[in-house]
Structures are given as C-alpha cells and as structure tokens.
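> Structure incoming, see below.
The values are calculated or read from the model by the stated rules, or taken from the named source; none is laboratory data. Predicted, not measured: the structure shown is a model, and the values here were computed from it. Please note: Cβ atoms are built from the backbone with ideal geometry, for glycine as well, and neighbour counts cover all protein chains shown. The accessibility values were calculated without ligands, DNA or RNA, using every heavy atom of the protein model including side chains. Shrake-Rupley method; radii C 1.70, N 1.55, O 1.52, S 1.80 Å.
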Amino acid sequence: MKSNLIILHYSPVEFYPPILNLLDVLNEDGGFRVSVITTYHGVKQLDTKASTNNIKIYRLPYPKHNEIKLSRLLKYAIYYLIALGLIIWERPRTMLYYESISSLPALLYKRFRHGVRVFAHYHEYTSQKQYQEEMKLVQFAHRIEKLNYNLLEWISHTNTVRLDKFAEENNIFNKDVLHVMPNYPPKKWLSKSRRTAINPFKLVYVGSLDLENMYFEQVCEWVEEQDGNFTLDVFSYNYKDSVQTYLNKLKPKFIRLMKGVDYYKIPSILAGYNAGLILYRGHSFNYIYNAPNKLFEYLACGLDVWFPEELKGSHSYIKENSVPKVLKLNFKELKLVNAVDLVSRNNLPFIETNYNAEDVYKEIISFFKQSSITPL
C-alpha cells in the first residue's frame, strides 16, 4: 500500500490517546492511505493498535532505559533509517510528525522533495532550557527543526498558551502555520447519564503515577481519613517502585492499585465511578498550562473532575453550578476541603459535555486533503 500520508510517532502510539483518536478519525474518513511509523510498547495489558484497510502501522524496536548505550543508539538508528527508507519508497504528499524526536526523517526528505507538505504536532511544551537538558539526539533534532520551521505547513500544540510560548521561543513569525489541537476523546465516549451522589463516593485515577510530581500521597491520606465515605481506585501500567512501597507502608483500607487498562476500555471502566482525579503538581510551565486529556475523558464519561488549583490551563473548564462538576482543589491542604460540598448535587442541572476528537481534527484533515490534491 503506497501512502499519501505518513505519520511519524517515535514513541509507541498506544501510550498517546490523541494519535489513537486521529488514526480512528482518519480511518473512518476513508479518504487517506496512511502509514504510521512508530515503535513497540512492550506492555502486556495494552491491546496493540491494529492496521486496517486504510492504515498501515509499522512498529520498530523501542530502546529501554536499562539497555546499554550502544544498543539504544542502534535502535534509534534503525528507526530513522527504516523510516527514511519507507518515506522514499512510498513518496507521500503529506507527512505529520509528533515531537522533535520524530522529525528527522520527514525534514530530511522535505529537503530533497520540496513539494511535500510537512506538519508537526507537540503533545507537550518543551522550553529551550528543557531542550538543553534532553539527550543529545533530541537536542540535535530540535536544532534541525529550528532551521526548517519556515518550511512547515502546520505547527500545533494542545492549547493557545503553549502554542504562543513555543512560537515566541522558536522565532516562528508566520501565524498562519500555528494551530491548536486539544486532546479530546471520541464522540462515542460521550455519556448522557447523570451520576448521583452515593456512599461511598467512588474516585478513580487512570494513568502514569509517581510521588515526586503528583499529589498521590496527599490524596491517599485524605481518602483514608474519610473512613469509607470515599474510595479510590488507581489504574496504572506505569508507576515507580516508590508508589508500591508507599502503599505497602500505608496499608490502605479504601484504596486499590489496579493494573493499567487499554485506552479503548476506559469508558467501560469509568462507568463505575463518580469523580476522576488529576494529580499533577504543576511543577513546570508545561503542566501549569495544561488541560490534560484525562479531564475531557472523565467528563465525556459523565464523571466529576477534581484537579489541583495550580493547573491554570484547566481553569477555564471549571463548572460548579452544573453536573458533571469540574472543581479546582488545594491538594496541599485537602483537610480543609468540605467533603459534603464535593459530592453534593443540590438539584444542579445536568449539562452534557461535547468535547470530541472528531470536531478537533476537522481542520487538520481539511489541510491534509488540500495537500493531497495539490500537484507535487
């Protein structure tokens, strides 16, 4: 299958809901032949995103942190060489890469085939100072990016604040190429059901977990202090040993650490809960100006959302006078929070949310279609 769109996503796509949703939307559209060049995830409890009639997924070796340096370098080299070879073989009109680490094959090909349109999207915001602290390969890739940003058709981030900061730091003056693509779930996730206040009030957290950059300890201690009025289930396939050590020491009665779940199974899991948690501490610009995909996933499934007050990027989504509620809390002082107010409904109206991936991706798909009909 020769592709008219190639997507380069170095990290395993199964770890990133936004790329999974884009692939589903592209597959349903049916107007593209897509090749995705990514890597293996190696997590048993995750289903592997399958190729379809319209989408072919190539998975290459992914370096592990405990591998020797030579082995890691070899796997990086394999990815770039095979990716470049596939691009040359398939001669796409359009390429989309995610993050700097995926950029090199697309930008090199662009230098030799000028009519090709190249799009770039960033899941996270990385400052110039943070780039200097990245591994040498990412530093090199970003230097090449900066020399080629003026050749790109599209550059996007998940929100306006991140996008504007990125454009300012990288001297991107052509505003026409700048776009926002937030991380929304599919329409089929949207729940029309209203959650009622029950006892115990069931809390859930889905995602990666650590103690250093998240308010996990504070939440656990608060839940235990509520003496059964609240429970917490955590679904994670990526957590540090310190998390398990902490729980072993705490010996909680009302908290469970569960195996992670595949992205497509999240709606059925969330159906059994009342509120979803976001635990990021807001320790960097990237996290402070962040509306995580979890916020919209919880809302789509009808759950209330509780997030730390320092996440300014989530403030515009606060809802206190309708359900599902979106509440900012002081996670440093949860003992001061009124638990009755958290669960109270007080005859609040139910307003269904409508944040969905299909609407988000209309714009970029329109750009893809323009590229596919323009002669090389």
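> So, for the range 261-376, what is the accessible surface per residue at a probe of 1.4 Å, expressed in square angstrom? Please report the intermediate quantities before stating the final value.
Details: 4980 Å² over 116 residues.
Here the per-residue accessible area is 43 Å².
> Further question: Take the chain, connect every pair of alpha-carbon atoms lying under 10 Å apart with a spring to form a Gaussian network, then pick out the residue of E99, E153, E363 with the largest mean-square fluctuation.
Most flexible of the set in this elastic network: E363.
> Any chance you could check the Cα centroid distance between the range 267-282 and the range 1-41 for me, in angstrom?
The distance from the Cα centre of the range 267-282 to that of the range 1-41 comes to 26 Å.
> Check every DSSP H run in the chain and write down those whose alpha carbon atoms cover 30 angstrom or more along the long axis and whose mean Kyte-Doolittle hydropathy is -0.5 or greater. Before the final figure, lay out each step's value.
Values: long enough: 69-90 (32 Å, 1.03).
Membrane-span-like by this rule: 69-90.
> On to the next question. I need to check one value: relative contact order of the range 286-347, counting alpha carbon pairs closer than 8 Å and at least 6 residues apart, in percent.
29
> I would also like to ask the following. As a test, work out the antiparallel percent of DSSP beta bridges whose residues both lie in the chain, rounded to the nearest 5.
Working: 2 of 50 bridges.
DSSP beta bridges in the chain are roughly 5 percent antiparallel.
> While we're on this one: Skip the ligands, DNA and RNA, and give the accessible area per residue of the range 7-57 with a 1.4 Å probe, whole Å².
Numbers: 1930 Å² over 51 residues.
Heavy-atom SASA per residue in the range 7-57 reads 38 Å².
> For n ≥ 4 DSSP H runs only, could you compute -39500 (n - 2.57) per run for the chain, divide by its residues and tell me the 222 nm figure to the nearest 500?
Working: 14 runs with 132 residues, N = 376.
Rounded to the nearest 500, it is -10000 deg cm²/dmol.
> Hey, can you find the accessible area per residue of the range 83-155 for me, probe 1.4 Å, expressed in square angstrom?
Using a 1.4 Å probe on heavy atoms only, each residue of the range 83-155 averages 45 Å².
> I want the antiparallel fraction of DSSP beta bridges within the range 243-376, as a percent rounded to 5. Let's see the in-between values first.
On the way: 1 of 9 bridges.
The antiparallel proportion sits near 10 percent.
> Considering only protein heavy atoms and a probe of 1.4 Å, how much of the accessible area of the chain is carbon and sulfur, as a whole percent?
52
> Here is a further query. Springs between alpha-carbon pairs under 10 angstrom, Gaussian network model over the chain: which of S156, S35, S191 fluctuates most?
Of the options given, S191 has the highest mean-square fluctuation.
> Counting alpha carbon pairs within less than 8 Å and at least 6 residues apart, what relative contact order, in whole percent, applies to the chain? Spell out each step's value before the answer.
Working: 646 pairs, mean separation 58.4, N = 376.
Result for the chain is 16 percent.
> In whole angstrom, how far apart do the alpha carbon centroids of the range 185-210 and the range 125-154 sit?
Taking the Cα centre of the range 125-154 as reference, the centre of the range 185-210 is 37 Å away.
> For E221, E168, write out the residues from largest to smallest accessible area, computed with a 1.4 angstrom probe and no ligands counted. Present the calculation step by step, with values, prior to reporting the outcome.
On the way: E221 85, E168 125 Å².
Most to least solvent-accessible, the answer reads E168, E221.
> With a 10 Å radius around each residue's Cβ, average the other Cβ atoms per peptide and rank 242-249, 199-206, 102-109, 37-44, highest first. Show your work: numbers first, answer last.
Values: 242-249: 13.4, 199-206: 19.0, 102-109: 22.0, 37-44: 16.9.
Highest-to-lowest ranking by the protection proxy: 102-109, 199-206, 37-44, 242-249.
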